[in-house]
Amino acid sequence: MAEQILLEARGLVKEFPAKGRRKVHAVSDVDLTIRAGETLALVGESGCGKSTLGRTLIGLIPPTAGTVTFQGVDLTALSQRELAPYRRQMQLIFQDPYASLDPRMTVRDIVAEPLVTYGVCPDRAATTQRVRELLDAVGIPEEFLYRYPHQFSGGQRQRIGIARAIALRPRLIVCDEPVSALDVSVQSQILNLLKDLQERFALTYLFISHDLSVVRFMADRVAVMFLGRLCEIGGGADVYAHPLHPYTRFLLEAIPRADPRLRDDSRAILQGEIPSPIDPPAGCRFHTRCPYATDRCRTETPALRPLEDRLVACHRAEEL
Amino acid sequence: MALFRKKTDVISADLASQIGESEGLGVQLRRMARKNKLAVASAVFLALLILAAVFVPLLSPYDAVNGDASIRLQAPTAAHWLGTDEMGRDVLTRLLYGARISLAVGVVPTLISMVIGVALGVVAGYAGGKTDYIIMRLADVMLAFPSLLLAMVIMYTLGDGVMNIFLALALVGWASVARVARSETISLKETEYVQAARSIGVSPGRIILRHILPNCLPALIVLFTLNIPSAILSESSLSFLGVGVKLPNSSWGLMVNMGRQFLYNAPWISLAPSAAIMLVVLSCNFLGDGLRDALDPHLNNE
Amino acid sequence: MDEYTLKIEHLSSGFFTERGYVPAVDDVSLTIGKGQVVGVVGESGCGKSMIARSVMGLLKYPGRITGGSIALAGRELTGLTDRQLQPIRGRDMAMIFQEPMTSLNPVVPVGRQMREALLLHEDMSRAAAREEVIRMLSHVGISEPEKRYNAYPHELSGGLRQRVMIAMAMICKPKLLIADEPTTALDVTIEAQILRLIRDLSRETGMSVLLISHNLGVIAQMCDKVYVMYAGRIVEQADALTLFDRCAHPYTRGLMDSVIRLDASPRRLPAIGGVVPNLLRLPAGCAFAPRCPHAGEKCRAERPELDQIGPGHWCRCFEGRRS
Amino acid sequence: MSTLKSIIRRVISSIPVLIGVVLVIYLILRILPGNAILTMMGEHAREDVVQQISAELGLDKPWYVQFWVYVTGLFTGDMGTSIKYHKPVSELIAAYFPVTIKLSVMAALVAWAVGILCGVISAMRKDRLADRLGMGFSLLGISVPVFMTAMVLQYLLAYKLKWFPIQGTKEGLVCYVLPAIALGWSSAGSVARLTRSTLLEVMGSDYIDTARAKGRSVPGAVVFHALRNAMIPVITVMAIQISSLLSGAVITETIFSLPGIGRLCIDAISGRDVPLLQGSVIFATVLVIAGNLVADCLYSVLDPRIRKEG
């Protein structure tokens, strides 16, 4: 796996204004590196800020603080116009197959939009031919070229969204919950397609999802996020085999296994509600739900530190 | 925050997508025609009225300006379908001449206010922040005025004349259009396909032209067909109050005003133009409702 | 005969649309014993939610029941008018829905909405009802129930709202709880809490549960008996252990294979080819034939019946015994 | 208490709109081509009268100074003096406005009560006779011009059947019945149509399923759950209706010769009386802003999600 760093975020912070002069701490002091050709999964529950982090990394949302360097160039220092050549190399795949395609445009125009925006092809005919190739690469038959989005099933629409995302041969694609709205059988088809395209076009994925099983299949590395902060980053197999951070452990144990024999009602379940990102708990933000929390956890925010070939943000990771 | 679309929404669209044929704008309009007879009838009525207004010199033997005093204040007869007025002129002929101004007053200022309103509304909606605040406060101010009073004041300063009416009604009408355009833009701005265009690097101008406006179209077309009648009503009210169209021009509102003093012995002089206004407004409303059903994307999926 | 809490026989219901009759539920039979948790699993559009709504008599227009019988604790429901069903809904059978975000009235405090469920069926004073609601709120694990009584839905998280929905459903101690994808819209840690809550309440009160889900993990963790549905028909039925151990129908096998294992990293996922069939243009013979790897001539021509292939194990497939 | 705070906040937020209104009227009357003041002045040929009026109106000073004088005057209730009646404008308005208030309030109450009732019935009886009749009535209300209804009512019920006075306000409240009906009908029509569509939409939402699953009957679900949610968008339309009611009032007051603000505007225009016109239009607009304020407060009472953010 190429070791070359494609994208690196340092001290990334994103805060949104909330009602009454309060702030939503969506992303707080995140350091993250994405290596060329890998699939880094960003996993966490709703409201943990993973979508915001994904969009901030590719410059769709301006960060409140911190830097994002892409192939050695600091994007946060660039103006919108200077950002254009880099934005072209980073694309986004969306969650909702029914909202990510413009209902008034034919499939041909939807997939052609990136090509037209950057004048990739000399003329209309060349663009249309290019669109045919892209649709073929994602398994959409040619005769559907001039149809409208609402004439396609959920799975087919997601394929069209993917064709649009790979049109400009990007280096990095952020997939934001790409299969959450799809049925199990259609999900597998799309996940297989994403893996094939990764190999064929040497793509790097930042794969955002709340579904831990999907992440297990897709991810080379996994970054677990809780309330705007990263609590654990490591190789997929290792993290799932023996998680170090208590939140990761509870997350993995909470997954309902498709095996009635594993039904023991005694296993520990994480209690309490997901705290609000508007006024997150002090110290380690997980301490309000963590059964192992100590005074130190309640006051001192644990930094992401190396432990057993992984990075963990927990004071008591060694003892648990 | 709803985590993601619930599965059942996905199926109803799946089911619908397999059933629906290829759906261009043309097909949608044909479906509307089948489903909504009233809208079609209204469209036909309006078309006939416009034709009659344009070709009235050929259709009617009578002169609209000087009448035959001997047949003054005559009830509707075979010769004069809608009777004659106090000057012995044929009411139906005057009605068709009046239609020219009344219909023009329905369409022209509405078009102007649509252009101003959509432009300001979309910019306010897409840009947000201070520009949004300024444009919307201006719209709030214009909407605070009772429209008729504001139009009256504008007509008072500009002086009467058909062109001034166009300007007055346009100035009064743009604010409500801006408000609709702004709310449509704000909801469209949040959709994923607009975010997709932004993430590709499409410029804001192109996003508005290629994504926002086409998807605003259904709401704007419906708004246009519904604003025409309110403009016609405003003009007829202005003329009725004597601050709108003045002689020698004639419009339905003016005819109603002129016929008022004969209301008790020759009611048809006022009632004919009033009925005409009602029919035009009714057909615009039916047409508007029909278009709304036809152009509403998720409606034609069921 | 009423040892079953719910007994459905040859139920058919569907939608009378402009483009023809859509047979969402086609000749479904299902039974739930006292205190038993029964699961109905299948992908979107297989008709599982339609069964739930048929039992409750809450079919959305243009849906209607077209055949079969539904007996709740021995009492036949299909013939009843809406007025006759009202006293049963909420008292003898209750339902919770998939979207906690939109299942509560946004402009009425949650406590008052629960009190309404009580006062519709029991004649007690408002104060007594309020006490019972607060007791029920703490019983489903909601902290500070007095404060939450006056909270509005938008002030509660998804998990809390689903607990309120469960408390509301349980307040009249119904014999049957119908849960239509109760945790699909929830995060995995909250989902675990809600599933455990439903299971504990069922055991505690002997209440039967009809659990509808597309997630095989949820079904495996919760259900004693499982019905697998495809295109409006039951294709396989067995107790949970048998089904997950040796399922017979190719579609069930396909679903089981596409469940991602956490302890393996396969190169590719097995996927069921093709698309969910269009209920308006169902193929002759077995509905799964177009997507089935073992489909033969017989499968495309005739419609297989649901026949027994083992103790409590039924399968609708000619080749059923083979796999 | 948070609702009081939100009410005060809304009153403050409507001040800029008010100042904007005065500015717009002021500019229209002075800046737009065909300056209204000059047309007014043109009428009085004699030189000394011209001097006296321009001094009185302070026309020699730059327009923004005049504007400032006018605005500060407004707050003290001094809206200048009417040229035609040689009386302070505020005095005239004080005399005329009760008629318009009575007329529009009666029209509004009748219209909204009928509108909501008709909308609810049509929604409950969707696509049946009651629905067709209700929607037909509403559509006619929207389509028939106010002056037509007024004239027909006056001709039939007042002139022919003599049930109501033909015009004037001598016989007290009964004089307002016909004008209120003529004025209210179109507003009732749009309220009915909107009530029907929002109610139908709300009836499809999940919490109505929940209510039905609790054992609520359909009418019960409508009364206890759907109606309150459906009223929220209807309130906003009612606020917008206030300004069209006042527009209609001008016409009905003319036909039934009721001495209201509308008539005052007409007299001001025919008498070329700028201060009076300006004063009465501003007053009418203040009524609209006040109406919107009431609707806003009702809105936050009805919808807790708004009230909380206050």
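Out of the DSSP beta bridges found with both residues in the protein assembly as shown, what percent are antiparallel (nearest 5)? If you can, show how the numbers build up before the last one.
Numbers: 60 of 97 bridges.
Percentage antiparallel, nearest 5: 60.
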field: Given charges at Cβ of Lys, Arg, Asp, Glu: segment C:157-293 dipole, positive-most of C:Met165, C:Leu197, C:Ile260
entry: C:Ile260
query: What is the distance, in nm, between label points placed 7 Å from the Cα along the Cα-to-Cβ direction at B:Arg206 and at D:Arg9?
result: 4.1 nm
statement: So the pair-distance distribution of segment A:99-169, from every Cα-Cα distance in 5 Å bins, comes to percents of 3, 19, 34, 26, 13, 3, 0
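Over its Cα atoms, what ratio of radius of gyration to 2.2 N^0.38 Å does chain C give?
Details: Rg = 20.6 Å, N = 323, 2.2 N^0.38 = 19.8 Å.
That works out to 1.04 for chain C.
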statement: Whole-Å distance linking the alpha carbon centroid of segment A:1-33 with that of segment D:117-152 is 57 Å
- line: Phi-derived 3J(HN,Hα) across segment D:237-251 with the Karplus relation (6.51, -1.76, 1.60, θ = phi - 60°), rounded Hz, x for Gly and Pro, is 5, 4, 4, 5, 4, 3, 5, 6, 4, 5, 4, x, 4, 4, 6
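If R₀ is 35 angstrom, what is the calculated FRET efficiency for the pair A:Ile5 and C:Ser265, using the beta carbon separation as r and rounding to 0.05? Before the final figure, lay out the partial values.
Details: r = 24 Å, r/R0 = 0.68.
Efficiency computed from Cβ-Cβ geometry: 0.90.
Rounded, prolate or oblate for segment D:67-146? Axes are the square roots of the Cα gyration tensor eigenvalues, ordered a ≥ b ≥ c, and the cut-off for rounded is a/c under 1.5.
Taking the square roots of the gyration eigenvalues as a ≥ b ≥ c, segment D:67-146 is prolate.
Can you give me the convex hull volume of the Cα atoms of the protein assembly as shown, divided per residue and expressed in Å³?
Details: hull volume 273.7 nm³, N = 1255.
Taking only Cα atoms, the protein assembly as shown has a hull volume of 218 Å³ per residue.
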field: Set of aspartates and glutamates with alpha-carbon distance to D:Lys84 below 16 Å, sequence-local pairs under 8 removed
entry: D:Glu43, D:Glu56, D:Asp267, D:Asp273
message: Place a point 7 Å from the Cα of A:Tyr292 along the Cα-to-Cβ direction; which residues of segment A:257-277 have their backbone N under 17 Å from it?
response: A:268-271
- line: Per the helix-only model, chain B has a calculated mean residue ellipticity at 222 nm (DSSP H runs of ≥4, -39500 (n - 2.57) each, divided over all residues, rounded to the nearest 500) of -24000 deg cm²/dmol
query: Using θ = phi - 60° and the Karplus form 6.51 cos²θ - 1.76 cosθ + 1.60, what ³J(HN,Hα) does each residue of segment C:80-94 get, whole Hz, x for Gly and Pro?
result: 6, 7, 4, 4, 6, 6, 4, x, 7, 5, x, 9, 8, 9, 9
- prompt: At a Förster distance of 25 Å, what's the computed FRET efficiency of D:Tyr85 paired with D:Leu27, Cβ-Cβ distance as r, to 0.05?
  reply: 0.50
field: Net charge dipole size for the protein assembly as shown [Lys, Arg +1 and Asp, Glu -1 on Cβ; Debye, nearest 20]
entry: 680 debye
field: Farthest toward positive dipole pole in the protein assembly as shown [+1 Lys/Arg, -1 Asp/Glu at C-beta], among B:Gln74, B:Leu217, A:Ser213
entry: B:Gln74
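For chain D, just run the numbers: alpha carbon Rg, then divide by 2.2 N^0.38 Å, N being how many residues it has. Don't skip to the end; give the middle numbers.
Working: Rg = 23.4 Å, N = 310, 2.2 N^0.38 = 19.5 Å.
Output field value: 1.20.
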statement: Semi-axes of segment A:161-320 from the Cα gyration tensor (sqrt of 5 times each eigenvalue, largest first, whole Å) come to 31, 20, 15
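Where both partners of a DSSP beta bridge lie in chain C, what percent of those bridges are antiparallel, to the nearest 5?
Details: 30 of 49 bridges.
Counting DSSP beta bridges with both partners in chain C, the antiparallel share is about 60 percent.
I need the chymotrypsin sites (Phe, Trp or Tyr not before Pro) found in segment A:218-284, filtered to DSSP loop residues with at most 16 other beta carbons within 10 Å of theirs. Walk me through the intermediate numbers first.
Details: sites: A:Phe226, A:Tyr240, A:Tyr247, A:Phe250; in loops: none.
For chymotrypsin sites (Phe, Trp or Tyr not before Pro) across segment A:218-284 that sit outside H, G, I, E and B with at most 16 neighbouring Cβ atoms in 10 Å, the list is empty.
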Filtered chymotrypsin sites (Phe, Trp or Tyr not before Pro), segment D:86-180: DSSP coil and at most 12 other beta carbons within 10 Å: D:Trp163
- request: Kindly express, to the nearest 10 degrees and within the range 0 to 90, the angle between helix B:268-295's C-alpha long axis and the longest C-alpha principal axis of chain B.
  value: 10 degrees
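Whole-Å semi-axes of segment A:1-112's equivalent ellipsoid, largest first, each the root of 5 times a Cα gyration tensor eigenvalue? Could you put the intermediate results ahead of the total?
Working: eigenvalues 113, 90, 49 Å².
Value: 24, 21, 16 Å, ordered largest first.
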message: Distance between the C-alpha centers of segment D:277-292 and segment B:126-181? Whole Å please.
response: 16 Å
- prompt: Can you tell me the accessible area per residue over chain D, all protein chains present, probe 1.4 angstrom, in square angstrom?
  reply: 44 Å²
- line: Checked segment C:252-323 against the a/c 1.5 cut and the a/b vs b/c comparison, axes a ≥ b ≥ c from its Cα gyration tensor; verdict oblate
- prompt: In nm, to one decimal, how far is the modelled label at A:Asp31 from the one at D:Ala113, with both set 7 Å along Cα→Cβ?
  reply: 7.3 nm
query: Hey, got a sec? Which GluC sites (Glu not before Pro) in segment C:75-155 land in a DSSP loop and have at most 15 other Cβ atoms within 10 Å?
result: C:Glu122
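Per residue, what volume in Å³ does the convex hull of the Cα atoms of chain A enclose? Show your work: numbers first, answer last.
On the way: hull volume 50.7 nm³, N = 320.
Cα convex hull per residue, to the nearest whole number: 158 Å³.
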- prompt: Using the Karplus equation 6.51 cos²θ - 1.76 cosθ + 1.60 (θ = phi - 60°), what ³J(HN,Hα) coupling, rounded to whole Hz, does each residue of segment A:138-155 give in order, writing x for Gly and Pro?
  reply: 9, x, 9, x, 4, 5, 8, 3, 9, 8, 9, x, 6, 9, 10, 7, x, x
- prompt: About the Cα centre of chain A, what is the dipole size in debye to 20, counting +1 per Lys and Arg Cβ and -1 per Asp and Glu Cβ, all else neutral?
  reply: 700 debye
query: Among B:Pro248, C:Leu176, D:Phe147, which residue has its Cα positioned farthest towards the positive end of the charge dipole of the protein assembly as shown, with +1 placed on the Cβ of Lys and Arg, -1 on the Cβ of Asp and Glu, and the dipole taken about the Cα centre?
result: D:Phe147
- prompt: So what does log10 I(q)/I(0) come out to for chain B at q = 0.13 Å⁻¹, using the Debye formula with one equal point on every Cα and no solvent?
  reply: -0.99
- line: segment A:94-143 and segment C:117-134 have their Cα centres apart by a whole-number Å value of 59 Å
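Just the number, please: carbon plus sulfur as a percent of the accessible area of segment C:252-323, 1.4 Å probe, no ligands or DNA/RNA counted. The partial results should precede the final answer.
On the way: 2240 of 4020 Å².
Within segment C:252-323, the accessible surface is 56 percent carbon and sulfur.
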- prompt: Applying 1/(1 + (r/R0)^6) with R0 = 51 Å to the Cβ-Cβ distance of C:Lys60 and D:Thr76, what FRET efficiency is obtained, to the nearest 0.05?
  reply: 0.25
Amide H within-cut-off set for B:Gly244, under 5 Å, with H built and near neighbours excluded: B:Ser239
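The values are calculated or read from the model by the stated rules, or taken from the named source; none is laboratory data. All figures in this text were calculated on a predicted structure; none of them were measured in a lab. As a convention, Cβ positions derive from the backbone with ideal geometry for all residues, glycine included, and neighbour counts pool all protein chains shown. Calculation scope for accessible area: heavy atoms of the full protein, side chains included, ligands and nucleic acids excluded. Shrake-Rupley method; radii C 1.70, N 1.55, O 1.52, S 1.80 Å.
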